[in-house]
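Bear in mind that the values in this text are calculations on the coordinates, not laboratory data. This is a predicted model, so every value here is computed, not measured. As a convention, Cβ positions derive from the backbone with ideal geometry for all residues, glycine included, and neighbour counts pool all protein chains shown.
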Amino acid sequence: MNSTTIDHPLHDFIRGLPKAELHLHIEGSLEPELMFALAQRNSLKLPYASVAELRAAYDFADLQSFLDLYYAGAAVLQTEQDFYDLTIAYVQRALADKVRHAELFFDPQTHTARGIPIETVFAGLARALREARVEKNFSSRLILCFLRHLSEEDAFATLDAALSLRENYKDLWTGVGLDSGEVGNPPEKFARVFAKARELGFHVVAHAGEEGPPAYIHAALDVLKVERIDHGVRCEEDPALMQRLAQSQTPLTVCPLSNLKLCVVRDLREHNLARLLRAGLRVTINSDDPAYFGGYINANFIATADALQLSRDELVQLAANSFSASFASAEQKQHWLVELQAYQAS
Ligand code: ADE
Ligand code: ZN
């Protein structure tokens, strides 16, 4: 059944719900159609005959099998215009899903390793986000992620290169994060570069407890001193950690369709999002890499609501969490929370 064509009040409620997206890799929003168009524009040949063939390859066994395709796909991004086109396409999808504010991850090392200047990456992303702010009142931030399969030295070099641009992008670039292959690359590996980022006044977040054990969540909190945990679903294996997260109200940016596609869970009905929420953790719903995982933020909300029988109040709680857990100003958050209350009451 196609849920978009059938009258479904809860789905309509979700579609209209104002929300923020806090876990979105902009390179993971590269749709196959755009990948082909950019490959053609940049005279590159993809190892797939068609969009359909490419989409059929999106059948992942785990995080690494996805990352292999994700990094290969990102190679079509070469010019400032490419990064702009990528970002504006995401913004359009987000606006359609009633996203008021998005905090976008980007992976400079994926591009600089191919000889693309970091200036090109920043310029394309920022042009799209600033245009969206002015024309559509779309609020956003950028979170620069270090690739954890690379060395801390490489992360330092990336941070140093980006710092020369900080002044130009201070309206957008306000955080650093940690992503890529988790297992074998614990948070401790990046202790010094995160300490430097904190000293410089950046917000800090890290992927932890997606495939990695609860110990990685502890280390992200204790060593990296992160303000949010990206994913974090494996916290449930450690009751003391669950309690800690509930008590501290450290947000978890959970990505249900990603967890399904990367076999973190076998079936969405087994996902622990509702249990975490009902245990009092500050959970949010996000799309991670929507072009690869079969849906943007509303698709994640709808699939999760259906699988876990989330109530309207819980959906409003998730949306409220997305605003309160964001790095927007207190005034902005308040404005969106008032809008959310009005929507709930309407
Ligand atoms: N990079 C893009 N998506 C990711 C994910 N889900 N986990 C780790 N690194 C990523
Ligand atoms: Zn992610």
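The figures follow:
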quantity: Formal net charge of residues neighbouring Glu103 (Cβ-Cβ distance under 10 Å; K, R +1; D, E -1); calculated: +1
quantity: Rough spin-label spacing in nm, given labels placed 7 Å along Cα→Cβ, for Gln309 and Val134; calculated: 5.1
quantity: Percentage relative contact order, segment 217-346, counting C-alpha pairs under 8 Å, at least six apart; calculated: 20
quantity: The chain: relative contact order in percent, alpha carbon pairs under 8 Å with at least 6 residues between; calculated: 20
quantity: Cross-link table Lys136/Lys261; Lys170/Lys225; Lys170/Lys333; Lys136/Lys170; Lys136/Lys225; Lys19/Lys45, entries beyond 26 Å C-alpha to C-alpha; calculated: Lys136/Lys261; Lys136/Lys225; Lys19/Lys45
quantity: Overall form of segment 208-345 per C-alpha gyration tensor (a/c, 1.5; a/b vs b/c); calculated: oblate
quantity: Cα gyration tensor shape for segment 108-215, rounded if a/c is under 1.5, else prolate or oblate; calculated: prolate
quantity: Separation of alpha-carbon centers, segment 179-242 and segment 276-297, rounded to whole Å; calculated: 17
quantity: Summed side-chain charge close to Tyr84 - residues other than Tyr84 whose Cβ falls under 10 Å, Lys, Arg +1, Asp, Glu -1; calculated: -3
quantity: Value of [θ]222 nm, deg cm²/dmol, for the chain, DSSP H segments ≥ 4, -39500 (n - 2.57) each, nearest 500; calculated: -15000 deg cm²/dmol
quantity: Base-10 log of normalised Debye intensity for segment 87-137 (one unit scatterer per alpha-carbon) at q = 0.18, 0.23, 0.24, 0.25 Å⁻¹; calculated: -0.62, -0.86, -0.90, -0.95
quantity: Whole-Hz ³J(HN,Hα) from phi, Karplus 6.51 cos²θ - 1.76 cosθ + 1.60, for segment 192-197, glycine and proline x; calculated: 6, 6, 6, 4, 5, 4
quantity: Under DSSP loop assignment and at most 11 Cβ neighbours within 10 Å, longest trypsin sites (Lys or Arg not before Pro)-free interval of the chain; calculated: 46-169
quantity: Viscosity 1.002 mPa s, temperature 20 °C, Stokes-Einstein D of segment 7-83 from Kirkwood C-alpha radius, µm²/s; calculated: 146
quantity: Segment 1-150: C-alpha gyration tensor shape, a/c 1.5 cut-off, then a/b vs b/c; calculated: oblate
quantity: Within segment 138-268: Cβ-based charge dipole about Cα centre, in debye rounded to nearest 20 (Lys, Arg +1; Asp, Glu -1); calculated: 260
quantity: Dipole in debye (nearest 20) - segment 173-222, about Cα centre, beta carbon charges: Lys, Arg +1; Asp, Glu -1; calculated: 260
quantity: Among Tyr70, Pro290, Phe327 the positive-end extreme of the charge dipole of the chain (Cβ point charges); calculated: Phe327
quantity: Segment 116-176 and segment 30-54: distance between their alpha carbon centers, rounded to Å; calculated: 25
quantity: Relative contact order, percent, segment 256-322 [alpha-carbon distance under 8 Å, six or more residues apart]; calculated: 36
quantity: Residues Glu80, Glu131, sorted so that the one with the fewest Cβ neighbours within 10 Å comes first; calculated: Glu131, Glu80
quantity: Residue-span extension gain [Tyr343 to Glu227] - 0.36 nm each, minus C-alpha spacing; calculated: 38.9 nm
quantity: Net dipole in debye of the chain [+1 Lys, Arg Cβ; -1 Asp, Glu Cβ; about Cα centre; nearest 20]; calculated: 660
quantity: Cα pair count fraction exceeding 25 Å, expressed as % - the chain; calculated: 50
